[in-house]
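The values are calculated or read from the model by the stated rules, or taken from the named source; none is laboratory data. None of the values given here were measured: they were computed from a predicted structure. Reconstructed Cβ throughout: ideal geometry from the backbone, glycine too, with neighbour counts over all protein chains shown. These accessible areas exclude ligands, DNA and RNA; they are computed on the full protein's heavy atoms, side chains included. Shrake-Rupley method; radii C 1.70, N 1.55, O 1.52, S 1.80 Å.
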Amino acid sequence: MSVLTFKFGGTSMGNAEIIQQVAQIILDSAEQGNQVLTVVSAMTKVTDTLIKAAHAAEKGQTDVYLRAVAELRDRHHETARQLVQHQDAQAALLTELHRLIDDVQDLCRSIAVLGELTNRGMDAVVSIGERLSCRLLAAHLQERGAAALPIDASSLIVTGNTFGNAVPNMEKTRARVQEAVVPKMRAGVLPIVTGFIGATEKGITTTLGRGGSDYSGGILAHCVDADELWIWTDVDGVMTTDPRLAPDARVIPVLSYREVGELAFFGAKVLHPKTILPVMDQRMPILVRNTFNPTHPGTRIQPDPQRTAGIAKAITIISDVHLVTVAGRGMIGVPGIAGRTFGACAREDVNLLVISQSSSEQSFCFVTRASDSDRAVSAIKKELAEELRRQDVDRVWAQENIEIITIVGAGMRETPGVAARIFSALAEENINIIVIAQGSSDSSISLVVDSQDAKRAVQTLHRLVAKNGS
Ligand code: ADP
Ligand code: ASP
Ligand code: MG
């Protein structure tokens, strides 16, 4: 008997048929005597639709948001009818779903009236996707005779008030989960909890950031002291690269926390980068498995690395990024320019994904999210106004159309010649490397390349990994 936390992603909740499969996976595990807490994402694309609706409302495009609301209503209504046949139960479920969708419409109307969309307002809207899917799965499980209980994570996960990217208070969350959920699980209840969302202590809904249901899985696995966290998704496990870019991508059977952290941070969408944080202290294993192919063993993520032959384990890519450069001949020997630049970015809440300094000290550059680069450039120009006036710094600018490609694998630093092999493989393909940076741990090397070369670079490097892999 084990305590398990399962998390099912958007594709796994995409339609009635696959939700039935999700229910089967939960029921099979419970039948084997496990206590299972399940975390769910919204149905595929629902979060995107909600975001689009909120933005349309802000711009006063009533017909656009009403169309989005109608689309959500039809899809959830139809799925509910397929998942729950018992008349009373179906009527009760439909009432609840329609009430939630009415909330979306009301919120959009308020946003349209105000003509303003705050992060708080956005969280109120997008959180409804998970509230809907959670009820669909729970009602279906109930129909199949299980003691499933839908739970809104806003009653469990206590967060700060950084809307859109909220930080959980683990101590308070743990206390609530231990009190409200753990005894129920011991009594045979199957909690079905909304991923992605939390609430401030005052009960105002927050979200944990895009793709954050994985993180909810980690938080709740920690709080119920799970033996394992299983991330159920739409691929067989964590793979040597995104299978959408390289169809020859293979599943990696075992990865360490650090490796997967690096992979996730550098763009492997399969796992949210924060997922491992809450479970690290407990050394909890994380399994990544395929809802659509549940007999595949998937990937096991464990605290320590497993040595394998080969130069690296995986290649990742981050798009929608810009390269910000600070350059000037007068910068040589002027101390503190880099420090002040990074300080200015930090004050603007701009994350720096990769940092690199040219050996001549005449410039340094770093990569930010595309949406942050304008803010970063203005903040730096303000901070370095005096140096710019004196022309110690000539220019601060952002370059678009670049992508970060990262090669991940423990122990690359000790393996001689890794960089050389990477560079010669790319040179053979005529791919220009704009920036090179070694990760802060010894587990990664990142390259910045032009967007038009990016896919080819991933495929080239992936061939290198595959050739040298175990
Ligand atoms: P979910 O909805 O289950 O959370 P996501 O779409 O967030 O699923 O993540 C799964 C997707 O991540 C896969 O379909 C795949 O295209 C993409 N992906 C990117 N990099 C990798 C990788 N290295 N291994 C596996 N999948 C990856
Ligand atoms: N539904 C949310 C999103 O699309 C959270 C998640 O799927 O993990 O970002
Ligand atoms: Mg995801």
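Just need a number here: residues in region 193-220 that are in contact with a strand residue (DSSP E or B) (Cβ under 9 Å, 6 or more places away or on another chain) and within 15 Å of ligand 2 (Cβ to nearest atom). Working first, answer last.
From region 193-220, those in contact with a strand residue (DSSP E or B) (Cβ under 9 Å, 6 or more places away or on another chain) are 193-201, 205-208, 212-220; that's our starting set.
Now restrict to residues that are within 15 Å of ligand 2 (Cβ to nearest atom): 193-198, 205-208, 212-220.
Final tally of qualifying residues: 19.
Go through region 184-239 and report how many residues are closer than 13 Å to Leu37 by Cα and of a type in the set (S, T, N, Q).
2
Residues that are assigned to a helix (DSSP H, G or I), open to solvent by less than 50 Å² (accessible area, probe 1.4 Å) and modelled with pLDDT under 90: does region 324-333 have at least one? Please lay out each step first, then the result.
Kept after step one, since they are assigned to a helix (DSSP H, G or I), are these residues of region 324-333: 329-331.
Within this subset, residues satisfying the condition of being open to solvent by less than 50 Å² (accessible area, probe 1.4 Å) are 330-331.
Of the ones still in play, those that are also modelled with pLDDT under 90 are 330-331.
Yes: one or more hits.
In region 47-59, how many are touching a helix residue (DSSP H, G or I) at 6+ places or on another chain (Cβ under 8 Å) and away from ligand 1 (no atom under 11 Å from the Cβ)? Before you say what the answer is, go through the steps one by one.
Residues of region 47-59 touching a helix residue (DSSP H, G or I) at 6+ places or on another chain (Cβ under 8 Å): 47, 49-54, 56-58.
Right, trim to away from ligand 1 (no atom under 11 Å from the Cβ) and you get 49-54, 56-58.
Adding up the residues that qualify gives 9.
Quick one: which of Thr173, Thr233 is more than 16 Å from ligand 3 (Cβ to nearest atom) and closer than 27 Å to Ile128 by Cβ? Let's see the steps before the verdict.
On the way: Thr233 fails: more than 16 Å from ligand 3 (Cβ to nearest atom).
After ruling out the rest, the residue left standing is Thr173.
Looking only at residues in region 1-22 that are aliphatic (A, V, I, L, M) and within 11 Å of Thr291 (Cβ to Cβ), which one is nearest to ligand 1 (Cβ to nearest atom)? Step through it out loud before you land on a result.
Residues of region 1-22 aliphatic (A, V, I, L, M): 1, 3-4, 13, 16, 18-19, 22.
Right, trim to within 11 Å of Thr291 (Cβ to Cβ) and you get 13, 18-19, 22.
Details: Met13: 8, Ile18: 11, Ile19: 13, Val22: 11 Å.
Of everything passing the filter in region 1-22, Met13 is nearest to ligand 1 (Cβ to nearest atom).
Based on what the data block shows, is Ala268 assigned to a loop (DSSP other than H, G, I, E, B), closer than 23 Å to Ile355 by Cβ and more than 11 Å from ligand 1 (Cβ to nearest atom)?
On the way: assigned to a loop (DSSP other than H, G, I, E, B): yes; closer than 23 Å to Ile355 by Cβ: yes; more than 11 Å from ligand 1 (Cβ to nearest atom): no.
Considered against the rule, which asks whether it is assigned to a loop (DSSP other than H, G, I, E, B), closer than 23 Å to Ile355 by Cβ and more than 11 Å from ligand 1 (Cβ to nearest atom), Ala268 comes out as no.
Across region 367-388, what is the number of residues that are outside any helix (DSSP H, G or I) and either open to solvent by 50 Å² or more (accessible area, probe 1.4 Å) or in contact with a Leu (Cβ under 8 Å, 6 or more places away or on another chain) (or both)?
The number of residues fulfilling the criteria is 3.
Among the strands (runs of 3 or more DSSP E) confined wholly to region 156-248, which include 3 or more residues that are within 15 Å of ligand 1 (Cβ to nearest atom)?
Working: elements: 190-194, 197-199, 205-207, 228-233.
By residue number, 228-233.
Can you find a residue in region 16-37 that is over 20 Å from Pro191 (Cβ atoms) and either at pLDDT below 95 or not aliphatic (A, V, I, L, M) (or both)? Can you show your working first?
Filtering region 16-37 down to residues over 20 Å from Pro191 (Cβ atoms) leaves 16-18.
Filter once more, so that each one left must be either at pLDDT below 95 or not aliphatic (A, V, I, L, M) (or both): 17.
Within region 16-37, one or more residues are over 20 Å from Pro191 (Cβ atoms) and either at pLDDT below 95 or not aliphatic (A, V, I, L, M) (or both).
Identify, from the list Thr295, Thr200, Thr206, the residue that is among the β-branched types (Val, Ile, Thr) and buried (at least 23 other Cβ atoms within 10 Å of the Cβ). First the steps, then the outcome.
Details: Thr295 fails: buried (at least 23 other Cβ atoms within 10 Å of the Cβ); Thr200 fails: buried (at least 23 other Cβ atoms within 10 Å of the Cβ).
Going through Thr295, Thr200, Thr206 in turn, the sole match is Thr206.
Select from region 231-255 the residues that are under 21 Å from Met284 (Cβ atoms) and open to solvent by 40 Å² or more (accessible area, probe 1.4 Å) and list them in ascending order. Lay out the reasoning, then the answer.
Here is the first cut: in region 231-255, the ones under 21 Å from Met284 (Cβ atoms) are 231-233, 237-238, 251-255.
Within region 231-255, just Pro253 meets the criteria.
Among what's in region 111-155 and is under 20 Å from Ile204 (Cα atoms) and assigned to a loop (DSSP other than H, G, I, E, B), pick the residue that is most open to solvent (accessible area, probe 1.4 Å).
The extreme case among them is Glu116.
In this structure, does Val251 turn out to be within 16 Å of ligand 2 (Cβ to nearest atom) and over 21 Å from Ile157 (Cβ atoms)?
On the way: within 16 Å of ligand 2 (Cβ to nearest atom): no; over 21 Å from Ile157 (Cβ atoms): yes.
When the stated conditions are applied, Val251 does not pass them.
Name every residue in region 249-265 that is outside any loop (DSSP other than H, G, I, E, B), aliphatic (A, V, I, L, M) and more than 15 Å from Gly9 (Cβ to Cβ), in order of residue number. Give the steps one after another, and end with the answer.
Looking only at region 249-265, we keep the residues that are outside any loop (DSSP other than H, G, I, E, B), and these are 251, 254-265.
Still in the running and aliphatic (A, V, I, L, M): 251, 254-255, 260, 263-264.
Selection gives Val251, Val254, Leu255, Val260, Leu263.
Using the structure shown, decide if Gly267 is buried (at least 19 other Cβ atoms within 10 Å of the Cβ) and either aromatic (Phe, Trp, Tyr) or out of contact with any Gly (no Cβ under 7 Å at 6 or more places or on another chain) (or both).
Details: buried (at least 19 other Cβ atoms within 10 Å of the Cβ): yes; either aromatic (Phe, Trp, Tyr) or out of contact with any Gly (no Cβ under 7 Å at 6 or more places or on another chain) (or both): yes.
Here the answer is yes, as Gly267 does meet what is asked.
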